[in-house]
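What follows is a single structure, written as structure tokens, with notes after it.
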Amino acid sequence: MTATLLIAAPASGQGKTSIVAGLARLYSRQGKRVRVFKCGPDFLDPMIHAAASGAPCENLDLWMCGEDDAAMRLARASEQADVILVEGVMGLFDGEPSAADIARRFALPVLAVIDAGAMAQTFGALAHGLATYQPGLPFYGVLANRVASAGHAEMLKASLPTDLRWCGTVPRDETASLPERHLGLHQAAEIGDLMARLDRMADHLDKTPLATLDVPSDAVSPTPTFPIPPSTPTPPSLKNKTIAIAHDAAFCFLYPANLELLASLGAQLVFFSPLAGDPLPHCDALWLPGGYPELHAATLAQRREFFAALAAHIAAGKPLLAECGGMMALFDTLTDAAAETHCMAALLPGQVVMQAQLAALGGQEVTLPEGSLRGHTFHYSKTATTLEPLTLARRQRPLGGKTEGEAVYRLGRLTASYVHFYFPSNPEAAARLFLP
């Protein structure tokens, strides 16, 4: 039987990513097969979890991905793994749908991680609220994070109602934490001592009751079951097509599900690094995913051969999908957070400027000539351009009464937007984006 746990928190910043990654590392060290999922549209946390578990980390989102997609991926994981860990997003009840909605829908027992570093008996009140706020939530227990001492731990434990399971404590330990910046955590590949940090967190968790995971249990909820929903086979519409995908520290935001779908449609995927000066591979279509071009703008500005190859690709009428950071690299200039301006590909007229404040965040749905696709947006830059949008995305949740979301630009077979698409939301539309 596959042990399954959804790890949530009362808010962001409680340390749940470090806890999930530490648990994944701990169970992997025990010889267990571990699969990790991340609630919501996230790229950075899954990179950490993939390193910790040794397997790709997939996303669960009842709006962007859909309930059937989530059920299929959980069912597949339950056939392959001894342990399934699901990391929540923001606070347990935040968002529509929330991590709690996913937990109830799939009967996933919830472990609450609470940063107890600046509290005492209030810990029990907060844990009680998380466990009882919504009826029917399969609540497993609570873990105290960033605990100061053994005495502090005893105080926290004593504050819990008797019907809540105590899952132990993790001390404050900067050598086990994960570094962050403006879009979230650093990429896994950028953290030179990542495995040492994960091992240190695993060592802490090995001293807690979670070291021998015993969920699901009848005392928590019925055993989670993930019946695979019926699916309609997608024809291999990309058979014999080669898709070149930029993949390095500047272009790194890739959903495993997107890559899996393209391969299932028959495409051959070829990866290359613009930062390293790799030539553009021979290809039928090209994908520039999001990432951090603003952190590597000086290097990208020197890659004139790459920009010339992009121009030739577009002039030949070949498809190019540029998402968020990929699109930013196609404008005339990019001004980074240090106010340094760098020349980019000049394939789209306009300027991109990094902002100190978040510019956009949330789910988006786009209706293109190829069909409708769902995705999300999350960026700190703003773009000024004379281009007229092909269309505007629709927000998952209206902001200030406005439903209009990100602009989508199209020049020939170039499609560019701040939106990161989730291809399985409409496989046929995704395939058409890469067809001439």
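Scanning segment 120-163 for residues that are in a helix (DSSP H, G or I), more than 25 Å from Val86 (Cα to Cα) and hydroxyl-bearing (Ser, Thr, Tyr) yields a count of 2. Quick check on my filter: what residues within segment 305-346 are of a type in the set (Asp, Glu), in contact with a Gly (Cβ under 9 Å, 6 or more places away or on another chain) and surrounded by fewer than 18 Cβ atoms within 10 Å (Cβ to Cβ)? Matches in segment 305-346: Glu305, Asp332. Of the listed requirements (1) within 22 Å of Pro97 (Cβ to Cβ); (2) at pLDDT below 95; (3) touching a strand residue (DSSP E or B) at 6+ places or on another chain (Cβ under 7 Å), Pro398 misses just one: (3). Of everything in segment 351-371, what is more than 19 Å from His296 (Cα to Cα) and in a strand (DSSP E or B)? Give them in sequence order. The answer is Ala360, Leu361, Gly362, Gly363, Gln364, Glu365, Val366, Thr367, Leu368, Gly371.
Could you say whether any residue in segment 307-315 is touching a residue at least 40 places away in the same chain (Cβ under 8 Å) and in contact with a Lys or Arg (Cβ under 9 Å, 6 or more places away or on another chain)? Among the residues of segment 307-315, at least one is touching a residue at least 40 places away in the same chain (Cβ under 8 Å) and in contact with a Lys or Arg (Cβ under 9 Å, 6 or more places away or on another chain), which makes the answer yes. Taking the criterion of being in contact with a helix residue (DSSP H, G or I) (Cβ under 8 Å, 6 or more places away or on another chain) and assigned to a loop (DSSP other than H, G, I, E, B), the residues of segment 414-435 that qualify are Tyr418, Tyr422, Phe434. The residue pairs whose first member lies in segment 387-416 and is in contact (Cβ under 8 Å) with a residue 40 or more places away in the chain, whose second member is among the basic types (Lys, Arg), and whose beta carbons are closer than 7 Å, counting only pairs six or more residues apart or on different chains, are Gly405/Arg394; Gly405/Arg395; Arg413/Lys318. Select, from Tyr140, Tyr133, the only residue that is among the aromatic types (Phe, Trp, Tyr) and within 22 Å of Thr17 (Cα to Cα). The match here is Tyr140.
Of all residues in segment 6-53, those that are among the hydrophobic types (A, V, I, L, M, F, W, C) and out of contact with any helix residue (DSSP H, G or I) (no Cβ under 9 Å at 6 or more places or on another chain) total 2.
The set of residues from segment 247-266 being touching a Ser or Thr at 6+ places or on another chain (Cβ under 7 Å) and within 26 Å of Leu300 (Cβ to Cβ) comprises His247, Asp248. Applying the condition of being out of contact with any strand residue (DSSP E or B) (no Cβ under 9 Å at 6 or more places or on another chain) and among the aliphatic types (A, V, I, L, M) to segment 109-123 and asking which residue is nearest to Thr162 (Cα to Cα) yields Ala120. Within segment 165-176, the set of residues being outside any strand (DSSP E or B) and at pLDDT 80 or above comprises Arg165, Arg172, Asp173, Glu174, Thr175.
Hey, any hits in segment 370-392 for a residue that's basic (Lys, Arg) and surrounded by fewer than 16 Cβ atoms within 10 Å (Cβ to Cβ)? Yes: one or more hits.
When Asp218, Asp284 are checked against the criterion of being at negative phi and either touching an Asp or Glu at 6+ places or on another chain (Cβ under 8 Å) or modelled with pLDDT under 95 (or both), Asp218 stands alone in meeting it.
Set side by side, the residues Ala81, Ala100 differ, and just one is at pLDDT below 95, of a type outside the set (S, T, N, Q) and over 24 Å from Pro427 (Cα atoms), which is Ala81. If I filter segment 248-261 down to residues being of a type outside the set (Phe, Trp, Tyr) and within 21 Å of Ala309 (Cβ to Cβ), which single residue comes out as surrounded by the most Cβ atoms within 10 Å (Cβ to Cβ)? Only one residue tops the list, namely Ala250. Arg374: part of a strand (DSSP E or B), in contact (Cβ under 8 Å) with a residue 60 or more places away in the chain and on the phi < 0 side of the Ramachandran plot, yes or no? Yes: the conditions hold for Arg374. The residue that is farthest from Met328 (Cα to Cα), counting only those in segment 233-247 that are touching a Leu at 6+ places or on another chain (Cβ under 6 Å) and surrounded by fewer than 19 Cβ atoms within 10 Å (Cβ to Cβ), is Pro236. Comparison of Gly151, Gly95 shows that the only residue that is assigned by TED's automatic domain parsing to the domain that holds Asp206, more than 16 Å from Leu5 (Cα to Cα) and either modelled with pLDDT under 95 or among the aliphatic types (A, V, I, L, M) (or both) is Gly95. Counting the residues of segment 29-60 that are modelled with pLDDT under 95, in contact with a Gly (Cβ under 9 Å, 6 or more places away or on another chain) and not aromatic (Phe, Trp, Tyr) gives 5.
The values are calculated or read from the model by the stated rules, or taken from the named source; none is laboratory data. Quantities reported herein were computed from a predicted structural model and do not represent experimental measurements. A quick note on method: Cβ atoms are made from the backbone with ideal geometry, for glycine too, and the neighbour counts reach across all protein chains shown.
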